[in-house]
Amino acid sequence: MSSAQLRTTLARDMRVGAGNVPLMLVEHGADLDAPRVSFDVDVDGIPAWTPLSLRRLTERVAARAEWFARRGIGRRDPVALFVTAASDVFLNFFALNRLGAIPALMNPNMPIDVAAEFIRKLRGVGVVVDDDHAALREHDLGVPILGDAAEIGTGDPRGAPEHYRHHGDDPVAITHSSGTTRTPTAVVHSHHSLFAAVRAVRLTEARPHGPVRELTALPAAHAAGIIVLNQALCNGYEILCLSNQGGPFERSGEVILDAIERWRPTGVYGFAVTWSELARFDLSTRDLSSVRNWSSTGDCAHEAHVRRLVAAGSHPTWTREGVVQVPGSKFVDTLGSTEMGHGAFAIAHRLGSDRYDRCVGKPYPFAEVALLDVTTGEEVPVGQVGQCGLKSPTLAPGYWNDSAATYRTRLNGYYLTGDLMYRDEDGYYYHVDRVNDAVDLGDGNWIYTALTEERILARSPEVRDCTVLAAKQPDGTVVTDVLLILRDDADPEADHEDVVRGALGEAAARTLRRVEAVADDGVTVGPTGKVRKFLMRQRILADATGGR
């Protein structure tokens, strides 16, 4: 079967979903020996950076399935995975789904005490840890630790049970929110919801010219990590999965740049924080010529970071002399979240692109979007900011063990994503802030912190990243603090207040209390690298009221 025929077959076969991609590839006659997946760590004695074929991949998955089965794990059993290596996440994800169990994937940067509470709320049947998270053994989890990730691959693949046959609504993964406002919330994904975008878009879009090699720096434990791996497997692309290298600042962009130069991918996947990490480097000194596409999801990426990336890399162009590589790459931004399952909007940027200012493009064909006035439930007119409501087959069915939170996010049949947006006359959508981070100043004036950050970065090349925090005090007045992370070569004594005030606008600028340059660790971030503005606002209020 040709690659094109296989993609069409997979898209049409409704048995295929997020929980059984390797099985379905084998059943439909995919090449068993072509290189498929590489990891940056050793896997069961297979050296790091060695590509696994579909044959080897399914064997390693079967070994783990047999190990879990011998410990009584079976259909509908939630098993938490608190591990660092991408291989330990993905191979155990497929192994548990082979048994009909439900892997609960935990970001390895989650603090141990928070992880213990997350596991207790999960009410599963067991936990897998690795050496990096051995301290979890000291906590009361309510469930046993099944074993160390290093031993699970020792199972006998010949004794693995037959693959469980999933229904489209079956749960195949529990991931979690970023935890920027609270303890991370467990989000459940179904067999079809976590595959819907792959089926609707990734298996039907035109295949790129030439070989495709994709590098993912996305957290393996995130829904986006699973989606990217499955779409690469189904399309027959080679993929390199980077493991978590520590916290957001320890896992510097240098790790990703080194991997690009070594592995020569044509595409790179990451979150908005990934591009911020790369922005600290002079990309012209690195060999990024293999990269044609940068693909982002989660938060909207900043123009200042995107412009640096599209100036790097190369792309094929057809001439009279044939196909030639020319400088410049493409950046595809897909605004999404854990609960959305897959980005609902997409926009592509190239050299010369000028539709920025937090434009997230237009919705995918599978996504129905409405910007709502949450007081009335009615759609707001063009040009007016409203809360984003989404109907999509990619949506997570809800929150695990939390029906109240599940239904609280629904309005008029839409899922409320928590994003504030407006659309223009041409049907393009613009993201201005998260609902929890924006502040109403009255008289139609607002502080939109994300939009302000975008405009500061666009106006000040000395600023590598920034965080805007606005908080309403008990007396109703608003204070705004702006924290700037400067480039290494920037003047640390330079005054940036005029730039900040211009980005805020006249009404919001009147609330400005301070503009301060800080180090990377001067900003509090969650497990996925997102800024925890909620916690930082509490400190602002404590400072402003003298701790009262």
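Some observations on this one:
- Within the range 299-329, tally of residues that are touching a helix residue (DSSP H, G or I) at 6+ places or on another chain (Cβ under 7 Å) and basic (Lys, Arg): 1
- Residue match in the range 133-143 (condition: touching a helix residue (DSSP H, G or I) at 6+ places or on another chain (Cβ under 8 Å), of a type in the set (Asp, Glu) and in a helix (DSSP H, G or I)): no
- Hey, ARG12 touching a residue at least 12 places away in the same chain (Cβ under 8 Å) and over 25 Å from the mean Cα position of the chain (by Cα) or not: no
- Any hit, the range 392-400, residues being in contact (Cβ under 8 Å) with a residue 40 or more places away in the chain and touching a Cys at 6+ places or on another chain (Cβ under 6 Å): no
- No other residue among ASP443, ASP433 is among the acidic types (Asp, Glu), under 13 Å from ALA508 (Cβ atoms) and under 24 Å from the mean Cα position of the chain (by Cα) apart from ASP433.
- Test: residue in the range 155-165 that is surrounded by 22 or more Cβ atoms within 10 Å (Cβ to Cβ), touching a strand residue (DSSP E or B) at 6+ places or on another chain (Cβ under 6 Å) and not assigned by TED's automatic domain parsing to the domain that holds PRO393: no
- Considering residues of the range 128-150 that are exposed (fewer than 12 other Cβ atoms within 10 Å of the Cβ) and acidic (Asp, Glu) only, the residue nearest to ARG15 (Cα to Cα): ASP131
- Subset of the range 308-353 that is over 23 Å from THR394 (Cβ atoms) and among the polar types (S, T, N, Q) - its residue that is nearest to the chain's Cα centre (by Cα): SER329
- For GLY361: the one exception among (1) modelled with pLDDT of 95 or more; (2) farther than 25 Å from LEU420 by Cβ: (2)
- Checking each residue in the range 411-425 for being of a type outside the set (Gly, Ala, Ser) and at pLDDT below 95 picks out LEU411, ASN412.
- The listed residue being without any contact (Cβ under 8 Å) to a residue 40 or more places away in the chain and within 24 Å of ARG307 (Cβ to Cβ), out of ALA490, ALA519, ALA509: ALA490
- Note on the range 310-358: among residues that are surrounded by 19 or more Cβ atoms within 10 Å (Cβ to Cβ) and over 27 Å from ALA223 (Cβ atoms), the one that is modelled with the lowest pLDDT is HIS315.
- The number of residues in the range 106-124 being touching a Gly at 6+ places or on another chain (Cβ under 8 Å) and under 25 Å from ARG70 (Cα atoms) comes to 3.
- Among the residues of the range 53-101, those identified as among the basic types (Lys, Arg) and either outside the structural domain of THR154 (by TED's automatic domain parsing) or under 16 Å from VAL26 (Cβ atoms) (or both) are ARG55, ARG56, ARG60, ARG98.
- If the condition is being polar (S, T, N, Q) and part of a loop (DSSP other than H, G, I, E, B), then the range 94-108 contributes only ASN107.
- Qualifying positions in the range 39-72 - over 26 Å from the mean Cα position of the chain (by Cα) and on the phi > 0 side of the Ramachandran plot: ASP44, GLY45, GLY72
- Residue under evaluation ALA149, criteria (1) at pLDDT 95 or above; (2) within 27 Å of ASP402 (Cα to Cα), criterion not met: (2)
- Restricting attention to the range 376-413, the residues that are assigned to a strand (DSSP E or B) and either among the aliphatic types (A, V, I, L, M) or more than 19 Å from PHE118 (Cβ to Cβ) (or both) total 9.
- Flag: ARG207 does not match the condition of being surrounded by fewer than 24 Cβ atoms within 10 Å (Cβ to Cβ) and at pLDDT 95 or above.
- Taking the range 421-530 as the region of interest, the strands (runs of 3 or more DSSP E) fully inside it that hold 2 or more residues being closer than 22 Å to LEU371 by Cβ are 429-434, 439-442, 445-447.
- Residue in the range 359-378 that is charged (D, E, K, R), within 30 Å of ALA311 (Cβ to Cβ) and crowded, with 20+ Cβ neighbours inside 10 Å present: no
The values are calculated or read from the model by the stated rules, or taken from the named source; none is laboratory data. Keep in mind that what you see is a predicted model, and the values were worked out from it rather than measured. For neighbour counting, all protein chains shown are included, and Cβ atoms are generated from backbone atoms with ideal geometry for every residue, glycine included.
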